[in-house]
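Colleague: The structure's right below; bear with me while I get my questions together.
The values are calculated or read from the model by the stated rules, or taken from the named source; none is laboratory data. These numbers come from a predicted model, not from an experiment. Here Cβ is always computed from backbone atoms with ideal geometry, including for glycine, and neighbour counts include all displayed protein chains.
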Amino acid sequence: MRCLAVLGWLLAFLAQPAAAASSPELVSLEQQLASLVAGKSGEYGIAALDLRTGKTVSVNGDQPFPMASTVKVAVAAAYLTQVDHGRRTLDQRIGGRSAYSLMEAMLIHSDNYATDLLIRNLGGPKTVQQWVSWHGLTGISVDRTIAQLLRDRRDLHDPRDSSTPLAMIGLLKTIETGNVLKPQSRSFLQTMMARCMTGKNRIRALLPAGTRVENKTGTLSGLTDDIGFITMPDGRRIAVAIFARGGTNRPRTIAEAARAIYDGFAYTFRSPFVTAYSGR
């Protein structure tokens, strides 16, 4: 019986792929996050990356989830790249409005019509996907306009217009540190994300007062997403992606996961002598 129990434990251990994606210093935080979502209904994908140290934590980080409106960050980055190369401007008129006002509506208020005007001006979803692929980002698929996505039959396991949490923090890292945008464009994008008015009950909800968050939410029936940057008290920047599919009370779980990430990264790297998050 003891041999069978040991064999069962080994098989269960080997069947957990998420652990390999987390840095050794953050295994305790990974376990805390896994325990948090295990007690909830629905499916969750979580990834977070310290952009200074490169340390990563992940739970189901390689599982694809619908991006919903979080794709708007990639749309903005693709357009701003064109601005940086002199092919477009923020003053350019698109559908009777300036590109600046469309970007503002897209990132702050998650305006779908504004998003589709920008996508159409860029040449369609395939152009955004080309931008993603050109920068070596895998695990992200941009296939439809927002109108097409909303019009099609809803399938929360559709591989189209999906991303894994790890791929999404890869996109955020590329924007922050990959030199794909000029400083002015990067600052513009992050300032717009800092003004995000949707989903205040998600990543932002349980963080300490005054914490700077630059985020973009995504919502469909049965789906709740939030991605973005959290700035720690010591200035470190954490890229975070949390996707939630099915179940109930998804925003609250996202908020709890974001707070656990904040506390875990703050504790683990507050001192060169601290190597593990105790969960206290």
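Colleague: Against the definition (in contact with a strand residue (DSSP E or B) (Cβ under 8 Å, 6 or more places away or on another chain), assigned to a strand (DSSP E or B) and at pLDDT 90 or above), how does VAL37 come out, yes or no?
Modeller: No; evaluated as a whole, the condition is false for this residue.
Colleague: On to the next question. Between LEU117, LEU107, LEU156, which is under 22 Å from GLU176 (Cα atoms) and among the aliphatic types (A, V, I, L, M)?
Modeller: So the residue among LEU117, LEU107, LEU156 that is under 22 Å from GLU176 (Cα atoms) and among the aliphatic types (A, V, I, L, M) is LEU107.
Colleague: Does GLY61 count as touching a strand residue (DSSP E or B) at 6+ places or on another chain (Cβ under 6 Å) and outside any helix (DSSP H, G or I)?
Modeller: Yes, satisfied.
Colleague: Quick one: which of GLY170, GLY96 is free of Cβ contacts under 8 Å to residues at least 12 places away in the same chain and not hydroxyl-bearing (Ser, Thr, Tyr)?
Modeller: Only one candidate passes the filter, namely GLY96.
Colleague: So, SER69, is that one touching a Phe, Trp or Tyr at 6+ places or on another chain (Cβ under 9 Å), in contact (Cβ under 8 Å) with a residue 60 or more places away in the chain and not β-branched (Val, Ile, Thr) or not?
Modeller: Answer is no for this residue.
Colleague: Okay, moving on. Is it the case that GLY136 is crowded, with 21+ Cβ neighbours inside 10 Å, closer than 21 Å to ARG52 by Cα and modelled with pLDDT of 95 or more?
Modeller: Judged against the criteria, GLY136 is not a match.
Colleague: Does region 164-182 contain any residue that is in contact with a Gly (Cβ under 6 Å, 6 or more places away or on another chain), surrounded by 19 or more Cβ atoms within 10 Å (Cβ to Cβ), of a type in the set (Gly, Ala, Ser) and modelled with pLDDT of 95 or more?
Modeller: Yes; the residues of region 164-182 include at least one that is in contact with a Gly (Cβ under 6 Å, 6 or more places away or on another chain), surrounded by 19 or more Cβ atoms within 10 Å (Cβ to Cβ), of a type in the set (Gly, Ala, Ser) and modelled with pLDDT of 95 or more.
Colleague: Within region 22-79, restricting attention to residues that are closer than 23 Å to LYS182 by Cα and in contact with an Asp or Glu (Cβ under 6 Å, 6 or more places away or on another chain), which residue is surrounded by the most Cβ atoms within 10 Å (Cβ to Cβ)?
Modeller: The qualifying residue surrounded by the most Cβ atoms within 10 Å (Cβ to Cβ) is THR70.
Colleague: Conditions: (1) of a type outside the set (A, V, I, L, M, F, W, C); (2) within 20 Å of HIS135 (Cα to Cα); (3) in a strand (DSSP E or B). LYS72 meets all but one. Number of the miss?
Modeller: (3)
Colleague: In addition: Which residue out of TYR44, TYR79 is at pLDDT 95 or above and out of contact with any strand residue (DSSP E or B) (no Cβ under 7 Å at 6 or more places or on another chain)?
Modeller: The conditions single out TYR79.
Colleague: Oh, and also: Residues in region 61-100 that are farther than 19 Å from THR191 by Cα and either under 11 Å from the mean Cα position of the chain (by Cα) or not polar (S, T, N, Q) (or both): how many?
Modeller: 16
Colleague: If you go through region 224-242 one residue at a time, do you hit one that is farther than 26 Å from GLU176 by Cα, out of contact with any helix residue (DSSP H, G or I) (no Cβ under 6 Å at 6 or more places or on another chain), touching a residue at least 24 places away in the same chain (Cβ under 8 Å) and of a type in the set (Lys, Arg)?
Modeller: Checked against the condition, which is being farther than 26 Å from GLU176 by Cα, out of contact with any helix residue (DSSP H, G or I) (no Cβ under 6 Å at 6 or more places or on another chain), touching a residue at least 24 places away in the same chain (Cβ under 8 Å) and of a type in the set (Lys, Arg), region 224-242 yields no hits at all.
Colleague: Check whether at least one residue in region 125-135 is over 18 Å from the mean Cα position of the chain (by Cα) and polar (S, T, N, Q), and report yes or no.
Modeller: yes
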